[in-house]
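Worksheet: the structure to be examined is printed underneath.
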Amino acid sequence: MNTLSINNLSLTYKNGFQAIKDLSLEIGNGMFGLLGPNGAGKSSLMKTIVGLQKPSSGNIIFNGVDISKDPNFIKQNLGFLPQDFGVYPKVSAYDLLNHIAVLKGIKEHSERKNQILNLLEKVNLLDFRNKEVHTFSGGMKQRFGVAQALLGNPKIIIVDEPTAGLDPEERNRFNSLLNDISKDVIVILSTHLVEDVRNLCSEMAIMHKGQLLRKGKPNELIAELQNRIWSKPIRKDEWESCQSNYQIISQQLIERELYITTFSEKQPEDFTPVSPLLEHVYFHTLSQKP
Ligand SMILES: Nc1ncnc2c1ncn2[C@@H]1O[C@H](COP(=O)(O)OP(=O)(O)OP(=O)(O)O)[C@@H](O)[C@H]1O
Ligand SMILES: [Mg+2]
């Protein structure tokens, strides 16, 4: 079992902006989902875990070792798929993986070759090994990103919004790939797709403005909202009065009709009960933000 404990972590950028505020989390094997609106601090947290930036205070302990003091320890055990990979050099997929494998310290040529060919097969890119990565489609680039993250058999894999911009088929293929690799390792996934967290993750957290607002198992967080979520269709001119009368957690167009969803301990008049979803957990949590 691998364990990552993040203890009272804070991060202030050079310009004085505090992107992570006293955040603590315990993460074990399996897939962990990180949700939060744009600017919540998800990428900042991930880049701090992988050692690209140093925390201002607090620490991160991976399998008993303080990685802010010994960043090499996590680098040897880590795979990272960043939100923005930047520009790919003009070399083939195979050569780029070979280069990354050398950087990761896989010294034996035959060992590198074995790992690279196995990984290319796993991510369904073996036939494209001699093509340059910058010519790949978005989905192929993301699958290549997984292959590079898996080089060296890491114990912790961090993927930052990996399915943004993928078509539904590529997204499914990518998610099942993540699911396959998450059995014996820690996978931390940040995404805006609440549904993906619901389907893939055994544990999750919601961040906002650098703070941790909620954490737990998706099922349990959803169960807490049982008999507390209600919905009704409204006319456009009722919107303002509804906003002042109810704690609205979301509004949605269903077949061109506007529905509002509210959180309430008791059934409000004219509202019908709704089975809670992880999306309701997300919006309800954000509506309660400090
Ligand atoms: N290098 C930096 N210097 C100063 N501020 C930064 C820097 N990087 C990020 N920030 C700020 O920190 C906050 C958190 O950014 P971050 O990229 O971690 O959010 P995020 O949750 O990953 O958002 P998104 O969902 O859009 O990817 C933002 O307000 C951002 O402007
Ligand atoms: Mg981000």
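Coordinate-derived values only; no laboratory data. Everything quoted here is computed from the prediction, not taken from an experiment. Cβ atoms come from the backbone with ideal geometry, glycine included; neighbour counts cover every protein chain shown.
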Length gained, GLU255-TRP239, 0.36 nm per residue minus C-alpha separation, equals 4.0 nm
Backbone HN-Hα couplings from phi across segment 18-29 [Karplus 6.51/-1.76/1.60, Hz, Gly and Pro as x]: 8, 8, 10, 10, 6, 9, 10, 7, 10, 10, x, 4
Expected vector for segment 267-283, Karplus 3J(HN,Hα) from phi with 6.51, -1.76, 1.60 and θ = phi - 60°, integer Hz, x for Gly and Pro, equals 5, x, 4, 6, 8, 10, x, 10, 5, x, 10, 5, 4, 5, 4, 4, 5
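Suppose every K and R has +1 on its Cβ and every D and E has -1 on its Cβ; what is the size of the dipole of segment 225-287 about the Cα centre, in Debye to the nearest 20?
On the way: 6 positive and 9 negative charges, 23 e Å.
The calculation lands at about 100 debye.
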Tell me the volume per residue, in Å³, of the convex hull enclosing the alpha carbons of the chain. 158
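Going by how many other beta carbons lie within 10 Å of each one, how would you line up MET1, MET204, fewest first?
Details: MET1 7, MET204 24.
In order of increasing Cβ crowding within 10 Å: MET1, MET204.
When a footprinting reagent is the concern and you count Cβ atoms within 10 Å, what order do VAL194, VAL187 take, fewest first? Spell out each step's value before the answer.
Details: VAL194 20, VAL187 24.
Fewest-to-most Cβ neighbours within 10 Å comes out as VAL194, VAL187.
When the convex hull of the C-alpha atoms of segment 225-287 is computed, what volume per residue in Å³ does it have?
Numbers: hull volume 5.3 nm³, N = 63.
That works out to 84 Å³ per residue.
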What is the extension gain from GLU195 to GLN247, computed as 0.36 nm multiplied by their sequence separation minus the C-alpha to C-alpha distance, in nm to one decimal? 16.4 nm
Net charge dipole size for segment 153-290 [Lys, Arg +1 and Asp, Glu -1 on Cβ; Debye, nearest 20]: 420
Only counting other Cβ atoms within 10 Å, I'd like LYS217, LYS155, LYS42, LYS14 sorted with the fewest neighbours first. LYS14, LYS217, LYS155, LYS42
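Set the bar at 32 Å for Cα to Cα. Now go through LYS69/LYS90; LYS69/LYS183; LYS141/LYS183; LYS183/LYS232; LYS131/LYS155 and name every pair that lies beyond it. Intermediate values should be presented prior to the final figure.
Numbers: LYS69/LYS90 36 Å; LYS69/LYS183 28 Å; LYS141/LYS183 23 Å; LYS183/LYS232 41 Å; LYS131/LYS155 29 Å.
With Cα atoms farther than 32 Å apart: LYS69/LYS90; LYS183/LYS232.
Scan the chain and hand back the longest stretch that contains none of the GluC sites (Glu not before Pro) lying in DSSP loops with at most 16 other Cβ atoms within 10 Å.
Longest gap between qualifying sites, sites excluded: 109-223.
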For the chain, what is the charge dipole size about the Cα centre, in debye to the nearest 20, if Lys and Arg each add +1 at the Cβ and Asp and Glu each add -1 at the Cβ? 940
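Can you tell me what percent of all Cα-Cα pairs in segment 132-290 are more than 24 Å apart? Don't skip to the end; give the middle numbers.
Details: 6023 of 12561 pairs.
Counting every Cα pair in segment 132-290, those more than 24 Å apart make up 48 percent.
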For the charge dipole of the chain, defined by +1 on Lys and Arg C-beta atoms and -1 on Asp and Glu C-beta atoms about the Cα centroid, which residue among HIS284, VAL187, LEU96 has the Cα displaced farthest towards the positive pole? LEU96
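How much of the DSSP beta bridge set in the chain is antiparallel, as a percent to the nearest 5? Intermediate values should be presented prior to the final figure.
On the way: 34 of 52 bridges.
For the chain, the DSSP antiparallel bridge percentage is about 65.
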The simple spin-label model distance between LYS131 and HIS109, using points 7 Å out along Cα→Cβ, in nm, is 2.8
